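*Asks:* Below you will find the structure I want to go over with you.
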Amino acid sequence: MNAVIDRDADTRARIQEHWDASERGDIDAEHAVYAADAILDYPQSGERFRGRSKIQAQRGGHPAERHFTIRRILGSGDLWVSECVITYDGVPTHSISIMELSDGLVAHETQYFADPFPAAPGRAALAEPIPAADTGHRSSAMSSRGWEQQMNTLPSAGGSTGSGL
């Protein structure tokens, strides 16, 4: 059991370093977490980038000033999810990154982006604002069992993790 906990702690630290390197603009450290033949998918634009070098090249050429705020990193074993706010030239975009690992490296990442939108006036009596400083989430550490229970409640995407990589 301790080996699993140590492995998960190491993986979480490497993913955190990926995001920290993204914030610093250290493109080599940012992409060290990816396997040489990794795949990055952006479902909203329909783009797939195959190979660490292409993933790094497309990110390195981004013209905007970017900043990364990591709200939480959850995962266990070979499946990890990061919730982030990426600010492009001062405009925040919320992002979810789903990383599937193989041999300790990211083999497949799927990243979703969502811009903020105004709250609907009809919900005003039901909702309260999320405090700016509140991450709004439980601890980022989660047991394998807790992660598996959460993942088992999600609808299947048509295959197991790692299929088709």
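The values are calculated or read from the model by the stated rules, or taken from the named source; none is laboratory data. Note that the coordinates shown come from a computational prediction; the quantities given were computed from them, not determined experimentally. We place every Cβ from the backbone using ideal geometry, glycine too, and count neighbours over all the protein chains shown.
*Asks:* Name the single residue that is modelled with the lowest pLDDT among those in segment 58-74 being assigned to a strand (DSSP E or B) and within 19 Å of His31 (Cβ to Cβ). It would help to see each step written out before you state the result.
*Replies:* Taking segment 58-74 and keeping what is assigned to a strand (DSSP E or B), we get 66-74.
Checking the rest, the ones that are also within 19 Å of His31 (Cβ to Cβ) come to 66-68, 70, 73.
Working: Arg66: 91, His67: 94, Phe68: 95, Ile70: 97, Ile73: 98.
For segment 58-74, the residue satisfying everything is Arg66.
*Asks:* Can I ask one more? When Asp6 is evaluated against the numbered criteria (1) in contact (Cβ under 8 Å) with a residue 12 or more places away in the chain; (2) exposed (fewer than 13 other Cβ atoms within 10 Å of the Cβ), which criterion, by number, is the only one it fails?
*Replies:* With (1) in contact (Cβ under 8 Å) with a residue 12 or more places away in the chain; (2) exposed (fewer than 13 other Cβ atoms within 10 Å of the Cβ) applied to Asp6, the lone miss is (1).
*Asks:* List pairs: first residue in segment 103-121 and of a type in the set (Gly, Ala, Ser), second residue surrounded by fewer than 13 Cβ atoms within 10 Å (Cβ to Cβ) anywhere in the structure, Cβ distance under 7 angstrom, at least six positions apart or on different chains.
*Replies:* Filtered contacts from segment 103-121: Ala107/Leu165; Ala119/Ala127.
*Asks:* While we're here: Hey, any hits in segment 110-118 for a residue that's surrounded by fewer than 15 Cβ atoms within 10 Å (Cβ to Cβ), in contact with a Ser or Thr (Cβ under 7 Å, 6 or more places away or on another chain) and of a type in the set (Ser, Thr, Tyr)?
*Replies:* Among the residues of segment 110-118, at least one is surrounded by fewer than 15 Cβ atoms within 10 Å (Cβ to Cβ), in contact with a Ser or Thr (Cβ under 7 Å, 6 or more places away or on another chain) and of a type in the set (Ser, Thr, Tyr), which makes the answer yes.
*Asks:* For segment 77-102, name all the residues that are farther than 20 Å from Lys54 by Cβ, modelled with pLDDT of 95 or more and among the charged types (D, E, K, R).
*Replies:* Asp78, Glu83
Residue by residue, here is whether (1) in a strand (DSSP E or B); (2) in contact with a helix residue (DSSP H, G or I) (Cβ under 8 Å, 6 or more places away or on another chain); (3) among the aromatic types (Phe, Trp, Tyr) holds:
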residue	(1), (2), (3)
Arg7	no, no, no
Arg12	no, no, no
Ala36	yes, yes, no
Leu40	yes, yes, no
Ser45	no, no, no
Gln56	no, yes, no
Ser95	yes, no, no
Ala107	yes, no, no
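*Asks:* Is it true that some residue in segment 105-112 is under 23 Å from Arg24 (Cβ atoms), of a type outside the set (A, V, I, L, M, F, W, C) and under 15 Å from the mean Cα position of the chain (by Cα)? Steps first, please.
*Replies:* We begin by selecting, within segment 105-112, every residue under 23 Å from Arg24 (Cβ atoms); these are 105-106, 109, 111.
Those still in the list that are of a type outside the set (A, V, I, L, M, F, W, C) too: 109, 111.
With under 15 Å from the mean Cα position of the chain (by Cα) added as a condition, the list becomes 109, 111.
Yes, because at least one residue in segment 105-112 is under 23 Å from Arg24 (Cβ atoms), of a type outside the set (A, V, I, L, M, F, W, C) and under 15 Å from the mean Cα position of the chain (by Cα).
*Asks:* Another question about this same structure. Does Pro155 satisfy the condition of being in a loop (DSSP other than H, G, I, E, B), out of contact with any strand residue (DSSP E or B) (no Cβ under 6 Å at 6 or more places or on another chain), exposed (fewer than 10 other Cβ atoms within 10 Å of the Cβ) and modelled with pLDDT under 50?
*Replies:* Values: in a loop (DSSP other than H, G, I, E, B): yes; out of contact with any strand residue (DSSP E or B) (no Cβ under 6 Å at 6 or more places or on another chain): yes; exposed (fewer than 10 other Cβ atoms within 10 Å of the Cβ): yes; modelled with pLDDT under 50: yes.
Judged against the criteria, Pro155 is a match.
*Asks:* Mind checking which residues of segment 26-48 are under 14 Å from Val106 (Cα atoms) and surrounded by fewer than 19 Cβ atoms within 10 Å (Cβ to Cβ)?
*Replies:* So in segment 26-48, the residues under 14 Å from Val106 (Cα atoms) come out as 29-41.
Selection gives Ala29, Ala32, Ala35, Ala36, Asp37, Asp41.
*Asks:* Report yes if Glu23 is surrounded by fewer than 19 Cβ atoms within 10 Å (Cβ to Cβ) and in contact (Cβ under 8 Å) with a residue 40 or more places away in the chain, otherwise no.
*Replies:* Numbers: surrounded by fewer than 19 Cβ atoms within 10 Å (Cβ to Cβ): yes; in contact (Cβ under 8 Å) with a residue 40 or more places away in the chain: yes.
Against the criterion (surrounded by fewer than 19 Cβ atoms within 10 Å (Cβ to Cβ) and in contact (Cβ under 8 Å) with a residue 40 or more places away in the chain), Glu23 qualifies.
*Asks:* Something else about it: Suppose the filter is over 15 Å from His18 (Cβ atoms) and part of a strand (DSSP E or B); does Pro118 pass it?
*Replies:* Values: over 15 Å from His18 (Cβ atoms): yes; part of a strand (DSSP E or B): no.
So Pro118 fails the test.
*Asks:* Of all residues in segment 75-85, which are assigned to a strand (DSSP E or B) and either under 19 Å from Arg14 (Cβ atoms) or touching a Gly at 6+ places or on another chain (Cβ under 6 Å) (or both)?
*Replies:* Restricting attention to segment 75-85, the residues satisfying the condition of being assigned to a strand (DSSP E or B) are 75-76, 79-85.
Gly75, Ser76, Leu79, Trp80, Val81, Ser82, Glu83, Cys84 - these are the residues of segment 75-85 that are assigned to a strand (DSSP E or B) and either under 19 Å from Arg14 (Cβ atoms) or touching a Gly at 6+ places or on another chain (Cβ under 6 Å) (or both).
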